[in-house]
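One structure is given below, encoded as structure tokens.
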Amino acid sequence: IGAIIGGVALIAGLGFSRAISRPVIRLTEATRAVAAGDLDVRVSEKCPGELGELASSFNQMTEELARADNVRRNMTADVAHELRTPLSVIQGKIEGVLDGVYPAAPEHLEPILEETKLLAHLVEDLRLLALAEAGQLSLQKQALDVGDLLRDAQVNFGPQADDRGITLMLDLPPELPQAEADRRRISQVVGNLLTNALRHTPQGGCVTLSAVPSPPLPGRGKGGVIVSVSDTGAGIPAKDLPYIFERFWRGEKSRSRAGGGSGLGLAIAKQLVEMHGGTVSVESTPGEGSTFRFTLPATGGGE
């Protein structure tokens, strides 16, 4: 009887051991594949208990690694694409001047200067975005009068709006709580949103800057300010809304950088707002226009 019981226990133990060791062996092999660069490998999650949870976590990890690798590859390709056009213009103009095809006159040197400025602006945008995403961008937060900031923005962007035949309006309530923010960075956010709105609003259209107090934010116990930039442009298709704040995203893929910007302005705006503890969102109706909003927390006294 003892021998029979021992034999049964041995067989059961071997079966149980194999049931545990097989998933572990498959997970080990998959880990080695990921280490070798294969980010498409997945393991079966049909395992009992903690082994199943481990397999599920492994699959989520590889999916995130694959997504991050794809973002890195796309960004490398996008940066190369953005640099190629201005560098080609600069090279062509300089070669033409050196070969005597063009005289070294202002009309031939000014395009070189303009493309150089575009390159410098692109490099600065990339640097700012990298610092913001890494959390290494310092902020000088202080009490900020959002109304004054928006009034300054209306004055600064008024000539650009007039040149395009666009009405730039300001809509402010009698009182706004002061926000806790870095004035220079929030001014940059507003500038990026205004530039985007003016670019996509046709002649005769309207862009409106507005702000209202916000209710208490979750987990903060105090309110803040909601800033909006609305336009009467063509609007954004619903399928494009999830990607609007991604780096180098453009609704019209064929649009040139000169006509459509670098594709970094909205990504930078999102990062800067989130560094302040706020959120950014967009609502749009094709054919009617778009509204971009972002929130800023109030100062300690703004309950």
Matching residues, segment 84-129, being open to solvent by less than 50 Å² (accessible area, probe 1.4 Å), of a type in the set (Asp, Glu) and over 15 Å from Leu264 (Cβ atoms): Glu115
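Please go through segment 193-206 and pick out each residue that is open to solvent by 40 Å² or more (accessible area, probe 1.4 Å) and under 17 Å from the mean Cα position of the chain (by Cα).
Start the filter on segment 193-206 by keeping residues that are open to solvent by 40 Å² or more (accessible area, probe 1.4 Å), which leaves 195, 199-200, 202-204.
If the condition is that a residue be open to solvent by 40 Å² or more (accessible area, probe 1.4 Å) and under 17 Å from the mean Cα position of the chain (by Cα), then Thr195 is the only one that fits.
Which residues, counting only those in segment 45-81, are among the hydroxyl-bearing types (Ser, Thr, Tyr) and open to solvent by 60 Å² or more (accessible area, probe 1.4 Å)?
Answer for segment 45-81, where residues must be among the hydroxyl-bearing types (Ser, Thr, Tyr) and open to solvent by 60 Å² or more (accessible area, probe 1.4 Å): Ser57, Thr76.
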Residues that are hydrophobic (A, V, I, L, M, F, W, C) and open to solvent by less than 20 Å² (accessible area, probe 1.4 Å), drawn from segment 138-169: Leu144, Val146, Leu149, Leu150, Ala153, Ala161, Ile166
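Among the residues of segment 166-177, is there at least one that is within 25 Å of Pro215 (Cα to Cα) and either in contact with a Phe, Trp or Tyr (Cβ under 8 Å, 6 or more places away or on another chain) or in contact (Cβ under 8 Å) with a residue 60 or more places away in the chain (or both)?
To start, the set of residues in segment 166-177 that are within 25 Å of Pro215 (Cα to Cα) comprises 169-177.
Now narrow it down to the ones that are either in contact with a Phe, Trp or Tyr (Cβ under 8 Å, 6 or more places away or on another chain) or in contact (Cβ under 8 Å) with a residue 60 or more places away in the chain (or both): 177.
Checked against the condition, which is being within 25 Å of Pro215 (Cα to Cα) and either in contact with a Phe, Trp or Tyr (Cβ under 8 Å, 6 or more places away or on another chain) or in contact (Cβ under 8 Å) with a residue 60 or more places away in the chain (or both), segment 166-177 yields at least one hit.
Quickly run through segment 114-157 and pick out the residues that are of a type in the set (Gly, Ala, Ser), free of Cβ contacts under 8 Å to residues at least 12 places away in the same chain and farther than 22 Å from Thr76 by Cα.
Kept after step one, since they are of a type in the set (Gly, Ala, Ser), are these residues of segment 114-157: 120, 130, 132, 134-135, 138, 143, 147, 153.
Applying the additional criterion that residues be free of Cβ contacts under 8 Å to residues at least 12 places away in the same chain yields 120, 130, 134, 138.
Hit for segment 114-157 is Ser138, nothing else.
The values are calculated or read from the model by the stated rules, or taken from the named source; none is laboratory data. This structure is a prediction, so every number in the text was calculated from the model and none was measured. Positions of Cβ are backbone-derived with ideal geometry, glycine not excepted, and every protein chain shown enters the neighbour counts. To get the accessible areas, we keep the full protein, side chains included, count just its heavy atoms, and leave off ligands, DNA and RNA. Shrake-Rupley method; radii C 1.70, N 1.55, O 1.52, S 1.80 Å.
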